[in-house]
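Notes to accompany the following structure.
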Number of protein chains: 2
Amino acid sequence: MTERVRISFTPSGREVRVPPGVAVFDAASWNGIAIDSTCGGHGTCRKCRVRVTGGAIPVSAMDERAFTAEELAGGWRLACLARARADVAVDVPPLATRPKAATVGVGRQVILRPAVQKRAVRLTEPTLTDQRSDLERLLAELDDLELTVDLHALRALPKALRDNDFAVTAVIVDNRLVDVEPGDTAGCRYGIAFDLGTTTVVATLLDLSTGTPAAVRSMLNKQQPFGADVITRISATMLDPAALGRLTGLARDTLAELTAEVCAEAAVDPLTVYEIALAGNATMTQLALGIDPEPLGVAPFVMATRAMPEVLAADLGVPVHPRARAYVHPALGAYVGGDIIAGMLAAGMDRDRRLRLFVDVGTNCEIVLGDGRRLLATAAPAGPAFEGAAIRCGMRATDGAIEVVKITGEDVLLQVIGDAEPAGLCGSGLVDAVAALVDVGLLDASGRLAERADAARRLPGLAQRVCLIGAERVFVLHWAGEPGDLTGAVYLSQRDVRELQFAKAAIATGWRLLVEELGVTVGDIQQVLLAGSFGSYLSPASAVRIGLVPDISVLRIVSAGNVAGEGAKMTLLSRRERAEVSTLLEEVRYVELSDRRDFNDRFIEQLAFP
Amino acid sequence: MTERVRISFTPSGREVRVPPGVAVFDAASWNGIAIDSTCGGHGTCRKCRVRVTGGAIPVSAMDERAFTAEELAGGWRLACLARARADVAVDVPPLATRPKAATVGVGRQVILRPAVQKRAVRLTEPTLTDQRSDLERLLAELDDLELTVDLHALRALPKALRDNDFAVTAVIVDNRLVDVEPGDTAGCRYGIAFDLGTTTVVATLLDLSTGTPAAVRSMLNKQQPFGADVITRISATMLDPAALGRLTGLARDTLAELTAEVCAEAAVDPLTVYEIALAGNATMTQLALGIDPEPLGVAPFVMATRAMPEVLAADLGVPVHPRARAYVHPALGAYVGGDIIAGMLAAGMDRDRRLRLFVDVGTNCEIVLGDGRRLLATAAPAGPAFEGAAIRCGMRATDGAIEVVKITGEDVLLQVIGDAEPAGLCGSGLVDAVAALVDVGLLDASGRLAERADAARRLPGLAQRVCLIGAERVFVLHWAGEPGDLTGAVYLSQRDVRELQFAKAAIATGWRLLVEELGVTVGDIQQVLLAGSFGSYLSPASAVRIGLVPDISVLRIVSAGNVAGEGAKMTLLSRRERAEVSTLLEEVRYVELSDRRDFNDRFIEQLAFP
């Protein structure tokens, strides 16, 4: 039972659960815990020193060069090479230096070049022979910048100058002077990166001077009552003219509440947050901005815009500095949104020269294939199976959900979130269960569940688990009471298997068509990145077993974590990365599946298990 | 009694009062009455045909060529050459063509090139093979423009397209797409030009498609309760931290009320007003924008800025289109504000090659001298005499104010505003009275009022008017009751004369120093422009008589009208004129008087009457 390991960090007290083999450095980074590094987690700078205080992590060759024998015995390891394969406790030393670069994304190092700049200046005081206006006086000190000026800054200027003997700090966002603060406040500038998911919204407060995360919080999107997926929310706006306003309000409430939480947690004044970045799918983004999403929901699936115009944080209802900017991640298509573009950035899809397949598994599954030179993207309608919907015992990945299923010999082994009594089956558990049953032969290639008699012949220890509920055959994963008593049991039904087959067929058809479109073969794929909150928890072996991803070594199938949120952090930390996003948008070609004549034939081919 | 003539226009029903000799065309133009013209009032296009229906205007040489004998007999005249020297009634035919140019300012012709543009387009509808976003689709049709996009426009776009079979009108202000309207609304675009005076605020609603004014309204600035002049209003903000907010609110209330009035008068939807222009002095401008004016009020008199950053009409509380822009006229110095820059534009100070002196008479008197190549500007603190304040019987130029005073033989002739019983003396009446008394010798060069015995000797018919009130000698202009009964009498006191001497000395010192600074002589001055609401009503002869303006032919002393408002209209009608403003701002040199060592000596020299 090692499918998920727990890393407890001190002194932050934060506990994270990651797939075994993830580097401690990455696990920390994805969860907003700052560890020194200048190389970006590539094992060269030797700065990411941490101490393992509980459990064990093997010593790497680099560790031997970086530490004394005494230190090694004391548990010191380089975090970027320390792979947790069992539960561990790790102590993170305070940051030794203000890093000039921050590590985010999939081991990506981002040179700090935030759009938010501060300049502390002291101006000469005006006289009758030097009557230049306050603004001319200030801009003369900032003449290396070509600034446009916000009225807000102009309003603050006369008093800020005269309250502080003409020593002030100019606050600049992206060549725009947004405020003038009395005295020297140059050390104090923050930003918030939002991953605006249909289900979950995550906010990371970043110290833009150091690149370090100051606080991370997440919560369910308050739009949930309108439906679990984007289509139900779009439908709501089509049925009721007032729904758009309400959905926009709920998105803003979510962002505002998270903003208050991260600022409170880090004791940061929201007025020192001068920029936010937002990565979300096209529907979530349009709803948050108050743009009618209807054309996204009906053919031919048209966005209001790919790249966003200038937006203020206030336009999104985010209560930070009143003139704070919002960098809204652009979208490639109605179903390949800003979250995916952000994820591609974080995953380095534009820079890595290996042929890589990026899959964000969800109700809508986004797929990108490319080698850094050529990039294709598409979206496959996978349906709600992975979210636990339309599955008899399906549920969200919360306490009580079976997230890991293994069949060893004739034992069914389960791992349950929160170590609770099993209450249902979440997406990763569903994939595991189907893969395990295919493996032991109780599901045939067509997806038909074996009859009990057949099971009894081959796997007598499992036969009792094959039952009929009404006319439908099921496989019981967990008996709540005595074996044989279906009350409260958690099971997989024949129809659940069909649902999963439809979902995986849509996805497999998607990446297979991209493979053909790019003129390569499946065997050429060197890495598969599983992105998104669900993708990160999926077992690579099970995904291969059911044909959801290409049949390559499971070592090459990587959980990429919450790449959308990572991408949003990168764009907040660096204008260079923002330029990269624009480049990505130009370079990626969107392939529409819904008008392909061969889609249905290919889809039917992919329904079977390999 | 021909100092002011009345022109009644039909069919508008408007009645205006102007100095005799003003062209009907100019009188109409200043008051927002549109008359056809393509030459700008220079007597060449022969389009400005009007019919004199009451009173008489002589036939000009050009009229003889433009009209038949029958037409001439019927009263037809070219308005630009028709000078009203007595009360007349004039009928204005409906506009024959939409003029491509509008005439504003001092006979200036402005080629229509407003920042507000509308483009009606019909887009091809999206398909599965053409999934361009709505914005890309629209911008492709507008690819001759480099547009930035307002979020507001993006929010309107999807619905506007789909409600109207993809036929929409793009609303563009200065290369910014601010809205998208369903269908073809290209013919409908308005702007409002505001002259934001310390005392009076004037709003002109302009049809930007034709350049014609649709409505004009004025009202007292609601900031009046805080004091009559800029210094008392600045002082208020220094004494009470809440005063800035209140003054800003009152300025906005004034602008908002005028906006509602002009839109109602012309039956124009305020949402079709996409831009406003605002010309005001530096203090009025900063107060309206909510910028602390304190540094304007104390040495070294520093503005927050010369040129304004991008401002929205909403930033000024003007309830028009929510994304309407505000062009705020830049200022040259704390006391040569945006109103003067606008006035210089309207007066063509930058283009006319004659050596001209521009004087805006008021509490603060702005003076500009130049020949189009070199321009100098300064401000002279004239004090409140011209506003009727600090004058015993002083009052504003409203009903009951004596505005014209003449002494013919031994008769005192008065002209009173509103043909009412005289109640007091306004600025132009004050200047007239002093000039007349200097003329007849009852005031000597030093400003001393003759004793009654002395007057009786030389002008026995006037002697009774010389009285003592307390210890102060006065000259009675109007007896309310029996001659000799001072109850309710309107008079000029010795101290009033002193006040006027201080005011005119400050102004005369100002322009004399500019004459020296420019290296010319007073005799070189070819034209004097009297600007502002007060300047327009000043008698040129009286102004010369007391030495307020240079001693040149009164024919060369021109009432320029409300040039600030005219300038604001010009910038609203043409981006070319807006560029001219920027040029003006670069070219005009500001001369500060308050730090000149010779100012006091020169001031004392100028106290005497010539």
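In debye, nearest 20: dipole of the protein assembly as shown around its Cα centre with unit charges on the Cβ of K, R (+) and D, E (-)?
1220 debye
Please give the charge dipole size of segment B:116-182, origin at the Cα centre, charges +1 on K and R Cβ atoms and -1 on D and E Cβ atoms. Round to the nearest 20 debye. Could you put the intermediate results ahead of the total?
On the way: 9 positive and 14 negative charges, 36 e Å.
The dipole of segment B:116-182 has a size of about 180 debye.
Of B:LYS118/B:LYS159; A:LYS118/A:LYS569; B:LYS222/B:LYS504; A:LYS159/A:LYS569; B:LYS118/B:LYS569; B:LYS159/B:LYS569, which pairs sit farther than 23 Å apart, going by alpha carbon to alpha carbon?
Cα-Cα > 23 Å for B:LYS222/B:LYS504; A:LYS159/A:LYS569; B:LYS159/B:LYS569; rest within.
Relative contact order of chain B, please, whole-number percent, based on alpha carbon pairs below 8 angstrom and at least 6 residues apart.
12 percent
Using Cα pairs closer than 8 Å and at least 6 residues apart in sequence, work out the relative contact order for segment A:5-97, in percent. Walk me through the numbers on the way to the answer.
Numbers: 178 pairs, mean separation 38.3, N = 93.
Rounded, it is 41 percent for segment A:5-97.
Among B:VAL405, B:ALA456, B:LEU492, flag the residue with its Cα farthest along the positive direction of the charge dipole of segment B:386-497, charges on Cβ as +1 for Lys/Arg and -1 for Asp/Glu.
Value computed over the given set: B:ALA456.
Quick one: check the C-alpha center-to-center distance for segment A:417-462 versus segment A:284-302, whole angstrom.
39 Å
Roughly what percent of Cα-Cα pairs across the protein assembly as shown reach past 57 Å?
Values: 267762 of 743590 pairs.
Of all Cα-Cα distances in the protein assembly as shown, 36 percent exceed 57 Å.
Sort B:ILE276, B:ILE552 from largest to smallest accessible area, using a 1.4 Å probe on the heavy atoms of the protein chains.
Greatest to least solvent exposure: B:ILE552, B:ILE276.
Which loop-located GluC sites (Glu not before Pro) does segment A:118-157 contain, where loop means any DSSP state but H, G, I, E or B and the Cβ has at most 14 other Cβ atoms within 10 Å?
Here the GluC sites (Glu not before Pro) that fit, given the DSSP loop and packing criteria, are A:GLU146.
Answer with one residue from B:ALA266, B:GLN224, B:PRO300: the one whose Cα lies farthest towards the positive end of the charge dipole of segment B:190-338, charges on Cβ with Lys, Arg +1 and Asp, Glu -1.
Comparing the listed Cα positions along the dipole, B:PRO300 ranks first.
Rounded to the nearest 5, what % of the DSSP beta bridges within the protein assembly as shown are antiparallel ones? Don't skip to the end; give the middle numbers.
Numbers: 148 of 214 bridges.
The antiparallel fraction comes to roughly 70 percent.
Just to be sure I understand the model, the point goes 7 Å from the Cα along the line to the Cβ. What's the resulting A:ASP253 to B:THR232 distance in nm?
So the label points at A:ASP253 and B:THR232 sit 5.1 nm apart.
Need one number: % antiparallel among DSSP beta bridges in chain A, to the nearest 5.
About 70 percent, rounded to the nearest 5.
Evaluate peptide B:156-163: per residue, the Cβ atoms of other protein chains within 10 Å of its Cβ; return the mean as an integer.
Neighbouring Cβ atoms belonging to other protein chains average 4 per residue here.
Return a whole-number percent for the relative contact order of segment A:190-328, with Cα pairs under 8 Å and 6 or more residues apart as the contact set.
In percent, rounded to a whole number, it is 27.
Please list, in order, the residues from segment B:400-423 whose amide nitrogen is less than 19 Å from a point placed 7 Å along the Cα→Cβ vector of B:ALA480.
So the set is B:400-403, B:414-423.
Let me check something: with ligands and nucleic acids excluded, how do A:GLU257, A:GLU181, A:GLU70, B:GLU64 order by accessible area (1.4 Å probe), largest to smallest?
A:GLU70, B:GLU64, A:GLU257, A:GLU181
Which lysines, if any, have their Cα less than 18 Å from the Cα of A:LYS47, not counting same-chain residues under 8 positions apart?
A:LYS100
Once you place label points 7 Å from the Cα toward the Cβ at A:THR398 and A:LEU72, how far apart are they in nm?
Calculated label separation equals 4.7 nm.
Mind listing the label-point distances from B:GLU605 to the same position on all other copies, shortest first, one decimal in nm, points 7 Å along Cα→Cβ?
Sorted ascending, the copy-to-copy spacings read 10.2 nm.
In whole Hz, with x marking every Gly and Pro, tabulate ³J(HN,Hα) for segment A:430-436 from phi via Karplus 6.51 cos²θ - 1.76 cosθ + 1.60, θ = phi - 60°.
Running phi through 6.51 cos²θ - 1.76 cosθ + 1.60 with θ = phi - 60° gives 4, 4, 4, 4, 5, 4, 5 Hz.
Report, by chain and number, residues whose modeled amide H sits under 5 Å from the one on B:LEU425, excluding near sequence neighbours (fewer than 5 apart, same chain).
So B:LEU425 has HN proximity to B:GLY394, B:MET395, B:ILE402.
Just to confirm my numbers, what's the Cα centroid distance between segment A:157-176 and segment B:206-251 in Å?
27 Å
Quote the FRET efficiency, to the nearest 0.05, computed for A:GLU517 versus A:ARG85 with a Förster distance R0 of 41 Å and r equal to the Cβ-Cβ distance. The partial results should precede the final answer.
Numbers: r = 38 Å, r/R0 = 0.93.
With a Förster radius of 41 Å, E is 0.60.
When a/c is below 1.5 the answer is rounded, else prolate if a/b is larger than b/c, else oblate, so apply that to segment B:5-97 with a ≥ b ≥ c taken from the square roots of the Cα gyration tensor eigenvalues.
In terms of gyration-tensor shape, rounded.
Along segment A:122-136, what does the Karplus equation 6.51 cos²θ - 1.76 cosθ + 1.60 (θ = phi - 60°) give for ³J(HN,Hα), rounded to whole Hz, x for Gly and Pro?
10, 9, 6, 7, x, 9, 5, 9, 9, 9, 3, 5, 3, 5, 4
Using a 1.4 Å probe and ignoring any ligands, DNA or RNA, find the accessible area of A:ASP419 and quote it in Å² to the nearest 10.
Solvent-accessible area, nearest 10 Å²: 130 Å².
Over all residues in B:308-319, what is the mean tally of Cβ atoms on other chains that come within 10 Å of each residue's Cβ?
2
Enter the accessible area of A:THR127 (Å², nearest 10), with the probe set to 1.4 Å and all protein chains included.
Result for A:THR127: roughly 60 Å² accessible.
For the residue pair B:ASN600 and A:ARG353, what label-to-label distance in nm results when each label sits 7 Å from Cα along the Cα-to-beta-carbon direction?
My value for the distance between the label points is 8.2 nm.
Add +1 for every Lys or Arg and -1 for every Asp or Glu among the other residues with Cβ under 14 Å from the Cβ of A:ALA228, and state the total.
Here the count lands on +1.
How large is the accessible surface of B:THR363 in square angstrom, using a 1.4 angstrom probe and rounding to the nearest 10?
The value for B:THR363 is about 40 Å².
Please average, across the residues of B:133-139, the number of beta carbons from any other chain that are within 10 Å of each residue's own beta carbon, and give a whole number.
Mean inter-chain Cβ contacts per residue within 10 Å come to 5.
I'd like the Karplus ³J(HN,Hα) series for segment A:200-216: coefficients 6.51, -1.76, 1.60, θ = phi - 60°, whole numbers in Hz, and an x wherever there's a Gly or Pro.
Couplings: 10, 10, 10, 10, 10, 8, 10, 7, 6, 6, 10, x, 8, x, 9, 6, 10 Hz.
In deg cm²/dmol, rounded to 500, what helix-only [θ] at 222 nm does chain B give when every DSSP H run of at least 4 residues adds -39500 (n - 2.57) and the total is split over its residues?
Result for chain B, helices only: -9000 deg cm²/dmol.
By accessible area of protein heavy atoms, probe 1.4 Å, what ranking do B:VAL298, A:VAL588 get, highest first?
Descending accessible area places them as B:VAL298, A:VAL588.
DSSP beta bridges in segment B:132-190, what fraction antiparallel, as a percent rounded to 5? List each step's numbers first, then the result.
Details: 6 of 8 bridges.
Counting only bridges with both partners in segment B:132-190, antiparallel ones make up about 75 percent.
The values are calculated or read from the model by the stated rules, or taken from the named source; none is laboratory data. Keep in mind the model is a prediction, meaning the values are calculated, not measured. A quick note on method: Cβ atoms are made from the backbone with ideal geometry, for glycine too, and the neighbour counts reach across all protein chains shown. Ligands, DNA and RNA are excluded from the accessible area calculation, which covers all protein heavy atoms including side chains. Shrake-Rupley method; radii C 1.70, N 1.55, O 1.52, S 1.80 Å.
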